[in-house]
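Please treat every number below as a calculation from the coordinates, not as lab data. What you see is a predicted model; the values in this text were computed from it and never measured. Here the Cβ positions follow ideal geometry from the backbone for every residue, glycine too, while neighbour counts run over all protein chains shown.
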Amino acid sequence: MTPKIISFVTLKGGSGKTTLLMLTAAAIHNRTDKKLLVIDSDPQRSVKQIYVQENNKSSYDVFAFNWNQPNPEENFEKVLTIAQSKYDLIFMDLPPGRITDAEIYHSILQSDALIVPIVASVLDINATTTFLENIPEVLKNKKTPLEVYGVINKQDQSIEYKHLTKLAGIGGLQLFYSPLSNLVRYKRGISTVNDITSPEFKEDEFNMYFDEFCTKCFIV
Ligand SMILES: Nc1ncnc2c1ncn2[C@@H]1O[C@H](COP(=O)(O)OP(=O)(O)OP(=O)(O)O)[C@@H](O)[C@H]1O
Ligand SMILES: [Mg+2]
């Protein structure tokens with residue numbers, strides 16, 4: 001079966017792309033038999049750095065892709081073709097930026113699904129709206145279907161939440177019903193090896209998010 005390719009992406013920096021990707025990847029790694037590759041396309045190399053720090057232990061595979069090389073698009077396609085023959089699932093971590101930036105544009109073209117972390121601040125909501133409004137332009141050049149999912153991240157008590165529902169439907173966005181709160185454990189618990197929690201705790205908000213992720217992305 002062709003592996004699913006899922007990009008964690010948005011215009012806004014610091015919304016939780018890398019955090020969400022790494023929490024989800026660690027849960028996939030520990031709870032399923034899926035062979036997972038993370039392609040780190042962010043020049044900050046956040047995932048790769050933690051992978052290197054933890055390299056004495058068994059983690060999922062991480063490949064850092066350099067978009068500042070000659071013909072990056074061609075090489076990216078080659079890397080993906082090889083990866084698709086070896087892995088069941090491919091996650092892509094992207095830097096913040098415009099949808100027309102090469103790494104974001106080409107990653108979306110290759111993806112089956114996007115996970116868009118959304119923080120409920122006016123600045124984040126405006127940036128996310130701009131990002132989502134431009135998705136149809138990319139879809140014109142996309143040969144395969146794309147699911148676009150929004151995940152509320154760093155949820156707190158702010159009153160901005162009612163504005164988030166306005167995002168649903170823009171660029172095909174479907175909002176997850178399970179948010180992630182603003183919690184210290186999501187800062188401290190980042191690992192390419194260890195799961196953030198045990199799947200036994202059914203009421204744990206991460207587990208509720210993860211169940212929804214697996215259902216929506218057909219990961220069984
Ligand atoms: N749910 C959360 N609770 C608490 N802290 C969080 C949460 N999500 C993310 N953070 C923190 O917010 C900061 C930004 O998160 P992260 O690096 O994952 O965002 P990003 O979208 O990948 O950023 P960039 O655009 O720079 O790549 C980090 O310090 C991270 O630990
Ligand atoms: Mg990041």
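Here are the numbers for this structure:
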quantity: Label-point separation, GLN49 to ARG98 (7 Å along Cα→Cβ), nm; calculated: 2.7
quantity: Estimated FRET transfer efficiency when R0 is 30 angstrom, pair LYS166-VAL220 (beta carbons, to 0.05); calculated: 0.40
quantity: Separation between Cα centres of the range 74-102 and the range 142-220, rounded to whole Å; calculated: 21
quantity: Cβ-based exposure ranking for SER59, SER85, in which fewest neighbours within 10 Å come first; calculated: SER85, SER59
quantity: Label point at GLN157 placed 7 Å out along Cα→Cβ; residues across the range 177-220 whose backbone nitrogen lies under 17 Å; calculated: 181-184
quantity: Sorted by Cβ neighbour density within 10 Å, fewest at the top, the residues LYS4, LYS142; calculated: LYS142, LYS4
quantity: Compactness of the range 87-220, expressed as Rg and Dmax over alpha-carbon positions, Å; calculated: 15.5, 43
quantity: Pair VAL193, LEU139: separation of 7 Å Cα→Cβ label points (nm); calculated: 4.3
quantity: Which of MET22, MET208, MET92 has the fewest Cβ neighbours within 10 Å, and the rest in rising order; calculated: MET208, MET22, MET92
quantity: Difference of contour (0.36 nm per residue) and Cα-Cα distance, LEU183 to ALA83; calculated: 32.6 nm
quantity: Computed FRET value (nearest 0.05) for GLN174 with THR32, which takes r as the C-beta separation and R₀ as 35 Å; calculated: 0.95
quantity: Lysine-lysine proximity count for the range 1-116, Cα under 17 Å, sequence distance 8 or more or distinct chains; calculated: 10
